[in-house]
């Protein structure tokens with residue numbers, strides 16, 4: 001982060017980097033959960049759900065990239081060892097051990113709700129203190145809200161099968 005940018009930012013970089021690394025770990029775990037879900041999905045509306053899971057997974061991977069870039073801009077280092085992701089994440093990874101689409105959707109719905117809370121927290125913390133982190137988090141929050149709605153729509157649809 002440039003000298004002027006550091007002066008403008010009213011939060012300590014260490015605090016922001018820590019929050020962003022938590023979100024970064026969660027995004028990688030979410031990506032893997034979605035990716036693996038597309039592989040093991042079976043049951044009601046499998047083609048539509050697998051397609052949606054793949055799309056969401058790709059967006060989670062994009063979020064991880066944005067977060068890594070921001071962490072580096074702030075002078076930090078994204079978590080380098082994947083084994084540290086589960087330790088750092090507060091939104092927990094649920095292995096898609098049952099490929100039933102209803103179970104997969106329910107697991108991903110819970111993960112999306114946790115992600116929404118995470119990005120709302122970051123937005124609240126950075127709103128008037130770190131505009132760029134706020135902007136990135138707000139953009140991710142918007143996508144997580146869309147993911148939640150799509151998972152809820154599938155849950156509603158299951159009632160009609």
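The values are calculated or read from the model by the stated rules, or taken from the named source; none is laboratory data. Values in this document were obtained by computation on a predicted structure and should not be read as measured data. Glycine also receives a Cβ, built like all others from the backbone with ideal geometry; neighbour counts cover every protein chain displayed.
Points worth noting:
- Pairing residues of region 38-50 that are surrounded by fewer than 17 Cβ atoms within 10 Å (Cβ to Cβ) with residues that are modelled with pLDDT of 95 or more and not in a loop (DSSP other than H, G, I, E, B), at Cβ distances under 6 Å and at least 6 apart in sequence or on separate chains, gives 43/100; 43/101; 44/101; 46/101.
- Of residues in region 91-127 being part of a loop (DSSP other than H, G, I, E, B) and touching a helix residue (DSSP H, G or I) at 6+ places or on another chain (Cβ under 6 Å), the one surrounded by the fewest Cβ atoms within 10 Å (Cβ to Cβ): 127
- Members of region 80-90 that are in a helix (DSSP H, G or I) and touching a helix residue (DSSP H, G or I) at 6+ places or on another chain (Cβ under 9 Å): 82, 84, 85, 86, 87, 88
- Enumeration of residues in region 91-113 that are at pLDDT below 95 and closer than 24 Å to residue 134 by Cα: 91, 92
- Residue satisfying all of: in region 138-158; touching a residue at least 40 places away in the same chain (Cβ under 8 Å) and either loosely packed, with under 15 Cβ neighbours inside 10 Å or over 11 Å from the mean Cα position of the chain (by Cα) (or both); farthest from residue 45 (Cα to Cα) among these: 139
- Only listed residue being out of contact with any strand residue (DSSP E or B) (no Cβ under 8 Å at 6 or more places or on another chain) and either part of a loop (DSSP other than H, G, I, E, B) or farther than 30 Å from residue 161 by Cβ (or both), chosen from 76, 37: 76
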